[in-house]
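To start, the structure itself, in structure tokens.
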Amino acid sequence: MTNTVVVIGAGLAGWTTVREFRKRDSATPVTLITGDSGDFYAKPSLSNAFAQGRLPAQLISTPAAKMAETLGVTLVAHTRVQALDAATQTVVTRAGRIAFRDLVLATGAQPIRVPVEGDAADRVLSVNSLDDFAALHAQLQAGSGSDRPVLIMGAGLIGCEFANDLASAGFRVSVVDPGMRPLAALLPEAASAELRQALEALGVTFHFGVTVRSVDAAENAGSLQVLLSNGLLAHADCVLSAIGLRADTRLAKAAGLAVERGIVVNCQLQTSAAHIHALGDCAQYAHGVTLPYVMPIMTAARALAATLAGTPSDAVFALMPVSVKTPALPLVVAPPKPGTAGQWHAPETGLWQWLDEAGVQRGFVLSGSRTAQRMAESRRVVL
Ligand SMILES: Cc1cc2nc3c(=O)[nH]c(=O)nc-3n(C[C@H](O)[C@H](O)[C@H](O)COP(=O)(O)OP(=O)(O)OC[C@H]3O[C@@H](n4cnc5c(N)ncnc54)[C@H](O)[C@@H]3O)c2cc1C
């Protein structure tokens, strides 16, 4: 019977779990298996790297080999886990089976893609990894001259961040969204309006209430012709799809683990199978929430590391406001829990509070210079 802890995934969730585990246990063997290189990078920097002129390689904070050496980990990189077997406590890779005492699923999320017609539909990019970012970077560096057109599908968090970043870097950015305003899922209308105005002032053009119908190769090499559902024909050197992410539950589902919007885990991050745990973008935490952000991953990794090291621990998620990386209009958002009845109130410029039916504050949005108040406002929120 092996004593090895096996981790699948070298994103923030996988590496942070290992780092936290090693603070408590330096002896137990750990094997980390990942489909990518395993290099450690901060994923949030992918959506503000262009304006800073940072190259993909410059975003790596610690190379994989250094991570493995420092943390005493057997790294199996560029290797996808093809299947897992909860009964025999093994995972299957092209190199054979690896047995585990405990398994950590940190497999992240997959970009949601909508069907798009046209002979260049396969040139639509999404960015959810350093490799994706390198592909975007290559496509945008391939042509010459500034002011090149880029079309972004989706005016959510990632779409708005890329719109701000690419516009600041000199690209001519248009954003297409079937909704009627940016960040509609997170912001009150007035805050969306402020953000829209700030991004438009930077040169971003929004097309709301429309979708992308087709993407075809244009006559001038490298350029794309994008047909929108309102009949408008746009030209772009690059089409970036940023319409959202979906938890990657494929391995867990195929192995018969409970899966809903993510891999279902309890307060101790255990899946429906003994000795198999999940966290990060692939997980659905207790009370049915997914929390695909950095801070919850840090909380979950610390709790899971303690559990794996012999001290069963719950992951207790505090309010974790998210900073939206749109320097044109800095925003901090702490949305209410899904399903919380209530409405937005705007007591002061740049501050919106979500009050429930009893007048209790359950969330907030701060914009512009008000973002400095995030701690004070966080303290007011009752979870
Ligand atoms: C552009 C962008 C900007 C963001 N900005 C912010 C921000 O400002 N603030 C914030 O809080 N959050 C932000 N986020 C979200 C945050 O970055 C993510 O929640 C977090 O990085 C997810 O980490 P993860 O380890 O769960 O998943 P991932 O980073 O996706 O890692 C998954 C890992 O699993 C591996 N894997 C998957 N399947 C297999 C398999 N079968 N076999 C082997 N390996 C496998 C992958 O290769 C990868 O190494 C941003 C996200 C994006 C995309």
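No lab work stands behind these numbers, since they all come straight from the coordinates. Computed from a predicted structure; not experimentally measured. Virtual Cβ from ideal backbone geometry, glycine too; neighbours counted across all protein chains shown.
A simple spin-label model places pseudo-atoms 7 Å from Cα toward Cβ; at Ser272 and His345 they are separated by 4.3 nm. Under the simplified labelling scheme, the Thr74-Met295 pair shows an inter-label distance of 3.8 nm, with each label point 7 Å from Cα along Cα→Cβ.
Counting only aspartates and glutamates at least 8 places from Lys23 when in the same chain, those with an alpha carbon closer than 15 Å to its own are Glu69. Can you give the longest stretch of the chain with no exposed loop site, where a site means GluC sites (Glu not before Pro) in a DSSP loop (not H, G, I, E or B) with at most 11 other C-beta atoms within 10 Å? Of all site-free stretches, the longest is 1-218. The spacing between segment 316-383 and segment 2-59, judged by their C-alpha centroids, is 30 Å. Per-residue Karplus couplings for segment 82-89, computed as 6.51 cos²θ - 1.76 cosθ + 1.60 with θ equal to phi - 60°, are listed in order as 8, 7, 9, 10, 5, 5, 8, 6 Hz, Gly and Pro entered as x. Neighbour counts of other Cβ atoms within 10 Å put Val150, Val382 in the fewest-to-most order Val382, Val150. Taking every alpha-carbon pair under 8 Å whose residues sit at least 6 apart, the chain reaches a relative contact order of 16 percent.
Rounded, prolate or oblate: pick one for segment 330-380, where a ≥ b ≥ c are the square roots of the eigenvalues of its C-alpha gyration tensor, a/c under 1.5 means rounded, and failing that, prolate if a/b is larger than b/c, else oblate. Prolate shape, in that a/c is at least 1.5 and a/b is the bigger ratio.
For His277, the residues 5 or more places off, or on other chains, whose built amide H falls under 5 Å of its own are Leu103, Val104, Leu105, Thr271. For segment 113-241, the equivalent ellipsoid built from the Cα gyration tensor has semi-axes of 22, 17, 14 Å, listed from largest to smallest.
In terms of Cα atoms, the Rg and Dmax of the chain work out to 21.9, 63 Å.
In straight-distance terms, cross-link reach from Lys253 covers every one of the aspartates and glutamates whose alpha-carbon lies under 17 Å from its own, apart from those fewer than eight places away in the same chain; here that gives Asp85, Asp281.
Membrane-span-like helices in the chain, defined purely by DSSP H runs whose alpha carbon atoms cover 15 Å or more axially and whose average Kyte-Doolittle hydropathy reaches -0.5, are 130-142, 157-168, 189-201, 294-308. Here Lys43 is the anchor, and the lysines within straight C-alpha reach of less than 19 Å, apart from those fewer than 8 places off in the same chain, are Lys66, Lys325. Taking amide hydrogens as placed 1.01 Å from N in the peptide plane, the amide H of Thr4 sits under 5 Å from those of Arg101, each at least 5 positions away in sequence or on another chain.
Taking amide H atoms as placed 1.01 Å from N in the peptide plane, the amide H of Ser241 lies under 5 Å from those of Leu125, Ser126, Met153, each 5 or more residues away in sequence or on another chain.
Neighbour counts of other Cβ atoms within 10 Å put Ile60, Ile8, Ile263, Ile297 in the fewest-to-most order Ile60, Ile297, Ile8, Ile263. With a simple spin-label model that places each label point 7 Å from the Cα along the Cα-to-Cβ direction, the separation between Gln52 and Val92 comes to 4.2 nm. Available extension along the chain between Ala190 and Ala254 is 18.6 nm, counting 0.36 nm per residue and deducting the alpha carbon span.
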